[in-house]
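See structure below.
FYI, it's all coordinate maths here, none of it is from the lab. No experiment lies behind these values; they were computed from the predicted model shown. All Cβ positions, glycine included, derive from the backbone under ideal geometry; neighbour counts span all protein chains shown.
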């Protein structure tokens, strides 16, 4: 198993296909907009790649039948990666890998299946939602409010390594009640004319149509710039699944996602 240097990460792009290229933020690591490490079976023309972001998101793409690579990867995950991070979040974990890891007493595996959506609403009238008459104030995220936005939701650093990187490559909106941010819709990543959508509404403001309002504005920006909006969420997130269907997304498939936590003291 070999670790790729940052400048060589692009050689794993041929391993992406319709089955794995939809995973949230995977392409951001390959394009070096998000920090992570990549491990392959060979440095010339790899047939498999293990990708671990700095915040513990994990992906395995390519051919997984190499016993030598699999053995080294298992040792790395259990002995190093999971211990160092406390846990890893494995998107699209293969069933055979889950069986192997479940059998290891030093880790605990919890499953949270997710749903992949495809955008089909190119002719949808988003003014139905974006022109709703709210008493709240809509603002585009820019250099004047970026500090406030990142302070409001510190988890945005999971998606964007810096505010400057977001301002250069991302876009989004916030909604304010007076001076208080009560919700946002942002591009969690923008890769290969695709934008991953992330939405959040303050708990006490939910049920008012705010998420649909904000997201419709975001989708309109995507369509204006010929960017395909992407939606991916937990099976258990009923509100997110309903909103996806309402705003022109079609469910493609359910896929496995596991959080693997170490039982060892860190």
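Report the label-to-label distance for residue 80 and residue 177 in nanometres (one decimal), using points 7 Å from each Cα along the Cα→Cβ vector.
Inter-label distance under the simple model: 4.8 nm.
Rounded to the nearest 10 degrees, what's the angle between the helix 67-76 long axis and the longest principal axis of the chain, both from Cα atoms, 0 to 90?
Once rounded, one gets 60 degrees.
For helix 210-224, report the angle its Cα long axis makes with the longest principal axis of the Cα atoms of the chain; keep it between 0 and 90° and round to the nearest 10°.
Computed tilt is about 80 degrees.
Return the equivalent ellipsoid semi-axes of the range 188-245 as a descending list in whole Å, where each equals the square root of 5 times an eigenvalue of the C-alpha gyration tensor. Write out the running numbers ahead of the final one.
Values: eigenvalues 91, 36, 16 Å².
They are 21, 13, 9 Å, listed largest first.
Can you check how the C-alpha radius of gyration of the chain compares to 2.2 N^0.38 Å, as a plain ratio?
Here the answer is 1.06, to two decimals.
So for the range 2-159, considering every pair of alpha-carbon atoms, how many percent are separated by more than 28 Å?
When every Cα pair of the range 2-159 is considered, 36 percent fall beyond 28 Å.
How high is the relative contact order of the range 39-186, in percent, counting Cα pairs under 8 Å that sit 6 or more residues apart?
Reported relative contact order: 14 percent.
Using a Förster radius of 35 Å, what is the FRET efficiency between residue 167 and residue 68 based on their Cβ-Cβ separation? Nearest 0.05, please.
According to the calculation, E is roughly 0.20.
Relative contact order of the range 121-247, please, whole-number percent, based on alpha carbon pairs below 8 angstrom and at least 6 residues apart.
Relative contact order of the range 121-247: 24 percent.
Exposure proxy check: 91, 124 ranked by fewest other beta carbons within 10 Å?
124, 91
In nanometres, what is the gap between the two model label sites at residue 245 and residue 106, each 7 Å from Cα along Cα-to-Cβ?
My value for the distance between the label points is 4.4 nm.
Cα-based Rg (one decimal) and Dmax (whole number) for the range 121-247, in Å?
Rg, Dmax (Cα atoms, Å): 13.8, 37.
How much length is gained if the chain between residue 147 and residue 31 is pulled fully straight, taking 0.36 nm per residue apart and subtracting their Cα-Cα distance, in nm to one decimal?
39.3 nm
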